[in-house]
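First the structure, in the form of structure tokens, and then the observations on it.
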Amino acid sequence: MKRISDLDPEKMTPLQRSVYDTIANGLRKGVRGPLAVWLHRPELAQNAQALGRYCRYETALEPRQSELAILVIARIWGSEYEWYAHKPIALEAGVSAEVVEAIRTNAVPVFERADEAIIHAFLTELHHYRKVSDETYRAAVELLGEAGIVDLTGLAGYYTLISMTINVFQVPPPAGAPNELGA
């Protein structure tokens, strides 16, 4: 059960309502999940949603690369809500069903694309060791460029914040959504 209540838009402070309206009327088309939690601190919600908009829609990464990265982070954190929200987007963006299933089950995916393999290796090393090896870094620069690595690192941080928020406040996926990560 979710640990924190959703706020009623009619009872929000002026800043909460302003942030709520910005999110609801933006590319996300609604305020849910961790964004709804952050509205309890509208300054956090305002800044985090701006970072999230950049990480989701404006990076140097292709949508397929970003969505793969989001799934890797969702799996690392056992974030069911994030997995539920991004799995269909990743599949639509071109991440193969086999790669998605391998990530879901914590198996080592067999990648057909080198950029996907390096994104997975980069994020796995970063989260498990809190750094990446020189070899992984060089391969990532070669495949994604420096701008891509900066954006991938930022995306990793943002979706880690998302996943931590989901896990701390026990934000569930919508009713009836399958529990795919066993979290």
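The values are calculated or read from the model by the stated rules, or taken from the named source; none is laboratory data. As the structure is a computational prediction, the values presented were derived from the model and not from experiment. Note that we place each Cβ from the backbone using ideal geometry, even for glycine, and neighbour counts take in every protein chain shown.
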Pair list, Cβ under 6 Å, 6 or more apart: the range 164-183 residue in contact (Cβ under 8 Å) with a residue 40 or more places away in the chain and under 23 Å from W38 (Cα atoms), other residue hydrophobic (A, V, I, L, M, F, W, C) and surrounded by 17 or more Cβ atoms within 10 Å (Cβ to Cβ): T165/V37; F169/V37
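Would you mind finding the one in E125, E82, E92, E146 that is outside the structural domain of A45 (by TED's automatic domain parsing) and either over 19 Å from the mean Cα position of the chain (by Cα) or among the basic types (K, R) (or both)? Steps first, please.
On the way: E125 fails: either over 19 Å from the mean Cα position of the chain (by Cα) or among the basic types (K, R) (or both); E82 fails: either over 19 Å from the mean Cα position of the chain (by Cα) or among the basic types (K, R) (or both); E92 fails: either over 19 Å from the mean Cα position of the chain (by Cα) or among the basic types (K, R) (or both).
None of the others qualify; the one that does is E146.
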Qualifying residues in the range 29-61 (those that are touching a residue at least 24 places away in the same chain (Cβ under 8 Å) and in a loop (DSSP other than H, G, I, E, B)) - the one nearest to P174 (Cα to Cα): G33
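I'm checking my understanding of the structure. Among residues of the range 19-28 that are of a type in the set (A, V, I, L, M, F, W, C) and part of a helix (DSSP H, G or I), which one is surrounded by the most Cβ atoms within 10 Å (Cβ to Cβ)?
Once the filter is applied, the top-ranked residue is V19.
Got a sec? Which of L91, L61 is touching an Asp or Glu at 6+ places or on another chain (Cβ under 8 Å) and under 22 Å from I118 (Cα atoms)?
Details: L91 fails: touching an Asp or Glu at 6+ places or on another chain (Cβ under 8 Å).
Being touching an Asp or Glu at 6+ places or on another chain (Cβ under 8 Å) and under 22 Å from I118 (Cα atoms) holds for just one of L91, L61, which is L61.
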Residues that are among the acidic types (D, E) and in a helix (DSSP H, G or I), drawn from the range 62-93: E67, E80, E82, E92
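Only one of V100, V72, V108 is at pLDDT below 95 and in the same structural domain as A140 (by TED's automatic domain parsing). Can you tell me which?
Working: V100 fails: at pLDDT below 95; V72 fails: at pLDDT below 95.
One residue alone meets the criteria, V108.
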